[in-house]
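Data block below; observations after.
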Amino acid sequence: MAIVKMKKFHLLALDSQRERLLRELQIFRNIQFEDVCDVEDFENEDLQSFKKPIVESQLSEYDDIMNQCLYVIDLIGKYTPPISGLKSLIDGLPNYTFEEMESRVKDINFDLEYEEVKVLGDELAKIESSISKRKELIKELEPVADMDVSFKSMQSLKSFKAVVGGVSGKLLEIFKEEVDNLDYTYCEEIGVYKEEHFFFIIYDKREEDKVLEVFRISNMNIIKNNSDKLANEEIKDLEKEIEELKLREKDIISNLASKEEVLADFKLYYEYLGNLKVRSQAQKDFMASKSVFMLSGYCPDYDTKRLEKTIKSVCNEDYTFELEEVDKNSEEVPIILKNNSFAKAFENVTSTYALPKYNEVDPTPLYAPIYALFFGMMSADVGYGVILLLLTTIGLKICNFTPNMKKNVRFFQLIGVSSTIWGFLYGSYFGASIPGMWKLLDLSTQFMQVLILSIVMGGIHLFYGLLIKAYMQVRDKQYLDMFFDVIAWYITLGGIICLLLSAAGMLSSKVGDISLYVMIAGIILLVIGGARASEGNIAKRIVAGIYNVYGLSSYIGDFVSYSRLMALGMSGGYIAFSVNMIAGMMWGKTIIGYVGAILILVLFHAFNLFLSCLGAYVHSLRLIYVEFFGKFYEGGGKAFNFFRNKTKYINLDRQYED
């Protein structure tokens, strides 16, 4: 239960073995490359023959093919009936090992399948465009559907010209005034579409220049149409054409919807190409000559023997392989967390904040039981806890979750146990109490005891965080830092707590007197510790020491912050009690009353369960991130990048994640 120990490796091998070795290393998975130029000086005269492999064209080719895959996936996926609800959770994503993926991809005739789908897609796009154009034309003709002459017949006039066009309502008055000033022009309004007024205009060619100027001033939109049919007849023909196009469109969509196997093939092929791309991308960290290549990277210490075995299986004896210890203070060392099944469920909480640095401790197993404890205390209810426990347990049994989703479901399964236990201790069963059932505390009457319990648990939690800091400083042989950063705070806080308890009559006055001196001694140590850690003259050091004592205010805020353990538990309980009371008022009146009461109980208890879990989740994070991590944890580690592409459509190598 810790940060996985890393080793740095260096490899020199024949360039002819590069592609095959990369494939085997990708199957191996547990390596992360680093730029070999950071390890060796390739400006050295002996190494000047080494150059970066050129992989840009290969990467570009993979990107092009992956885009083709996405085109097919989006097109078929648009018309394939989606699997939703419970079935999608049960089925999940298909599971493959790397070798199974490679084997299945070999059976895919990519070019043929892509061409078939592309032809259908292109035809579908043309049909959609044709339908759109015809609909636009219908909209254009509808205002002039009552015309009793065709557009083509209007063009056969010799001495006159006839046009049909639209004028915006904003320019309508200007248009009419200008037309009235024309001597040899006839104008008739024949329709309105939205804010556009359509007119039939016939004018003498001798007056054409004046008419065109009127059209320009009024911004007239002339309808250009050469059909020899009447407008209403053309509309009918266009509508008929649209129906025929829609039938063909329906056939194509039906054809695309039936290609579920092709969709699965292209999703798999996309993931395969993604891994090939990662393989090529990795070579940007290599250096190669005409005959050999060099690489460096990181591998978990427990897997180094398997790594060398993998290399030897490809290169035989034609390679040089070296391992070295990593610098524990380096921020470049990638991080893998390894925990038992309980703590593993909480690793997402750690990574959401920040992964630990290589020289830190993994906080996950240290806070996991506390997080579950706090969450359960704030969502305390046997009914809610049992529902969470049942849903998550059934889900884990029957659903094919992704590894990350499985971890999250496992997290809420453990939270369900904690909520159930705390609900039993508070005697809360869907917000109600069972007469005669034992309970440790009653939130409705003993809230002060619960508040005190919350503060006490908070104090223990804070002291625990300081203890972890002490361990880290002792481990790093920083004994003096440990004394002033931890022991001094223990002395000060311990003295203050005992002094307050004495003032409250819970401890004797003699203990109070001793506590006062202990507190003063602790404060003096804090001043010395703060001054010691500061740089500059004596005045600056004294100010820094006094400011260090000001940290007491932070601890006061931290202690008060734990009151949320009581507050959220009470709020969820009172909401549940109110739901029960409202449902009880409706129960027993009529059939409608029974149904209404049941609906209220189901819907509002479900909503309260959601609110309770959301509130408990967020506020537990706050207590861990701010109050607990603030005492010892810095974070900032970089996650280990396994030599694989992050999959989107499949679960790859499930055995490693589980």
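Can you give me the relative contact order of segment 322-399 as a percent, contacts being Cα pairs under 8 Å and 6 or more apart?
26 percent
Let me check against my output: what whole-number percent is the relative contact order of the chain, with C-alpha pairs under 8 Å and at least 6 apart?
Computed value for the chain: 23 percent relative contact order.
Based only on Cα atoms, what mean projected area does the convex hull of segment 458-615 have, in nm²?
For the Cα atoms of segment 458-615, the hull's average projected area reads 14.4 nm².
Rounded to the nearest 500, what is the 222 nm mean residue ellipticity of the chain from helices alone, with -39500 (n - 2.57) per DSSP H run of 4+ residues and division by all residues?
After summing the helix terms and dividing by the residues of the chain, the value is -19500 deg cm²/dmol.
Per 0.36 nm of contour for each residue apart, how much would the distance between SER153 and VAL456 grow if the chain were fully extended, relative to their Cα-Cα spacing?
99.4 nm
For labels at ILE524 and ASP38 in the simple 7 Å Cα→Cβ model, what's the distance in nm?
So the label points at ILE524 and ASP38 sit 4.9 nm apart.
Going by alpha carbons, how many degrees (0 to 90, nearest 10) lie between the helix axis of 591-622 and the longest principal axis of the chain?
Computed tilt is about 60 degrees.
Between GLU173 and PHE321, what is the spin-label point distance in nm, taking each point 7 Å from the Cα along the Cα→C-beta axis?
9.1 nm
So what's Rg/Rh here for segment 1-123, counting alpha carbon atoms and using the Kirkwood radius for Rh?
With Rh from the inverse mean 1/r over Cα pairs, Rg/Rh is 1.09.
Tell me the Kirkwood hydrodynamic radius of the chain in angstroms, computed as one over the mean inverse distance between distinct C-alpha pairs.
Evaluated on the chain, it is 33.2 Å.
For the ranges 324-331, 174-181, 336-343, what's the packing order if you count other beta-carbon atoms within 10 Å of each residue, average per peptide, and put the highest first?
Answer by packing, highest mean first, reads 336-343, 174-181, 324-331.
In whole angstrom, note down how far apart the Cα centers of segment 513-588 and segment 125-189 are.
Their Cα centres are 79 Å away from one another.
Which percent of the Cα-Cα distances in segment 295-363 go past 21 Å?
Cα-Cα pairs in segment 295-363 separated by more than 21 Å: 43 percent.
By a straight-distance test (C-alpha under 20 Å), which lysines pair with LYS170 as possible cross-link partners, with residues fewer than eight away in the same chain excluded?
Within the straight-line limit of under 20 Å, LYS170 reaches these lysines: LYS194.
Nearest 5 is fine: what % of DSSP beta bridges in the chain come out antiparallel, could you say?
Among the beta bridges of the chain, antiparallel pairing accounts for roughly 90 percent.
If I compute solvent accessible area with a 1.4 Å probe over the protein chains, what percent of it on the chain is carbon and sulfur?
Accessible surface attributable to carbon and sulfur in the chain totals 59 percent.
Kirkwood Rh and Cα-based Rg: tell me the resulting Rg over Rh for segment 259-403, rounded to two decimals.
We get a ratio of 1.09 for segment 259-403.
By how many nm would the segment from ALA567 to GLU207 grow when fully extended, if each residue of separation counts as 0.36 nm and the alpha-carbon distance is taken off?
120.9 nm
Between ASP301 and ILE223, with labels modelled 7 Å along Cα→Cβ, what's the label distance in nm to one decimal, could you check?
In this crude label model, ASP301 to ILE223 measures out at 8.5 nm.
What are the lysines whose alpha-carbon lies under 17 Å from the alpha-carbon of LYS309, with same-chain residues fewer than 8 places away excluded?
List returned: LYS7, LYS8.
With a cut-off of 15 Å, note down the residues of segment 291-309 whose backbone N falls inside the zone around a label point 7 Å from the Cα of ASP15 toward its beta carbon.
Counting backbone N atoms under 15 Å from the label point, the list is 291-295.
What FRET efficiency, computed as 1/(1 + (r/R0)^6) with R0 = 60 Å and r the Cβ-Cβ distance, is obtained for ASP442 and ARG532, rounded to the nearest 0.05?
Approximately 0.75, to the nearest 0.05.
Hey, can you find the accessible area per residue of the chain for me, probe 1.4 Å, expressed in square angstrom?
Each residue of the chain exposes 54 Å² on average to a 1.4 Å probe.
The values are calculated or read from the model by the stated rules, or taken from the named source; none is laboratory data. For clarity, every value in this text was computed on a predicted model and none was experimentally measured. Don't worry about glycine lacking a Cβ; one is built from the backbone with ideal geometry, like all the others, and counts go over all protein chains shown. With ligands, DNA and RNA removed, areas are computed over all heavy atoms of the protein, side chains included. Shrake-Rupley method; radii C 1.70, N 1.55, O 1.52, S 1.80 Å.
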